[in-house]
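The values are calculated or read from the model by the stated rules, or taken from the named source; none is laboratory data. On a predicted model such as this, the values are computed, not experimentally measured, just so you know. Counting neighbours? That spans all protein chains shown, and the Cβs are built from the backbone with ideal geometry, glycine included.
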Amino acid sequence: MKAFRSAVIGCGNISRRHTEALTGSALAELVAVCDIREDRAAAAGEKYGVSYYTDYRDVLAREDIDCIHICTPHWLHAPIAIAAFAAGKHVFTEKPMATTPEDAEAMIRAAEAAGKYLGVCFQNRYKFINAKLRELVLSGIYGKPIGGKGIVTWFRDVPYYADSGWRGSFETEGGGVLINQSIHTLDLLIWTLGDPTGIRANCGIFSELLEGKIEVEDTATAHLRFDSGATALFFASNAWKSNSPIEFEIQCENALLIATDDALTIHHADKRVERIMDTTPKTDDKSYWGNCHSFIIEDFYASIAEGRPFAVDGHEGIRALRVIDGIYKASGFGPRA
């Protein structure tokens, strides 16, 4: 018997990464799924041979379930997580952990009061290339980091927002391209460079197709300043024509480090170019989701089993939310400006 019995709440697209990670886990066993749409819940239950529910409270009432995975629309993350902690469950939630820093703080307090683990799915921290880049930067072998760059240029059309029933609204999505698509890249920047102490930003709806159809931003740009003197340029947009590869770079005093999907390229000050390849097997799913859900999920359960802190807990998960909040306020865009 495996150490943990788990349930996935929310059976949309991203839930597949969680259900598959659980079915392949050495530590956790998938025992239930839940979705307000009975057809989706039933289909997932049949696929994995587990119980299905349409009300998450019925899942939380099961005493034999140790942990829940939250894969619901953003605005439900905090209330479901807080209820789960009250029911004595561990929680692993998709990003963003909440729609506001205040709700995220409430989740952290609830987890600590219950003595349970809270994990946030920033799986790209577990991607070999990103972790290696950070390791090299923090080692100091290339001198101090002096700058960073994160660029996400993707495409989302009107049906993407309209058909969901919750995207495109600050109340339910919490924001646009910042909190939904590019939060992973923003997290990598601050994970590597630290929390910014100064933010200058601009946000808005740049696509003529989306104007009047959504209230959240489809484009955002920010200049981040850190106490160390380093700065970072961050740009994200859903108004491009396709889903282009993410650009993630760190400039150190003696080298420029560039992370791509399959390699870390290091441009040394003496003009040497070094390349470190990522040999991790790829998945057949959306490339921009990355392929590390199974890594972060297994580490979450290993952390519980070993009684050690989890690397991407609530205190880590809230960091990107706080920067996003700062970007909205600096730009004067949205209800939190």
Where a residue in the range 149-178 is farther than 12 Å from Val216 by Cβ and touching a residue at least 24 places away in the same chain (Cβ under 8 Å) and its partner, wherever it lies, is exposed (fewer than 14 other Cβ atoms within 10 Å of the Cβ) and of a type in the set (Asp, Glu), with Cβ under 9 Å and at least six apart: none
Test: residue in the range 199-219 that is within 20 Å of the chain's Cα centre (by Cα) and without any contact (Cβ under 8 Å) to a residue 40 or more places away in the chain: no
Strands (runs of 3 or more DSSP E) (entirely within the range 122-225) containing at least 1 residues that are surrounded by 15 or more Cβ atoms within 10 Å (Cβ to Cβ) and of a type in the set (Lys, Arg): 145-153
Residue check, Val59 among the aliphatic types (A, V, I, L, M), surrounded by fewer than 22 Cβ atoms within 10 Å (Cβ to Cβ), more than 18 Å from the chain's Cα centre (by Cα) and at pLDDT 95 or above: no
From the options Glu173, Glu112, Glu135, residue that is outside the structural domain of Ser242 (by TED's automatic domain parsing) and of a type in the set (Asp, Glu): Glu112
Residue that is nearest to Ile108 (Cα to Cα), among those in the range 304-328 that are surrounded by fewer than 18 Cβ atoms within 10 Å (Cβ to Cβ) and in contact (Cβ under 8 Å) with a residue 60 or more places away in the chain: His315
Test: residue in the range 88-102 that is under 23 Å from Ala28 (Cα atoms), hydrophobic (A, V, I, L, M, F, W, C), free of Cβ contacts under 8 Å to residues at least 60 places away in the same chain and touching a strand residue (DSSP E or B) at 6+ places or on another chain (Cβ under 6 Å): yes
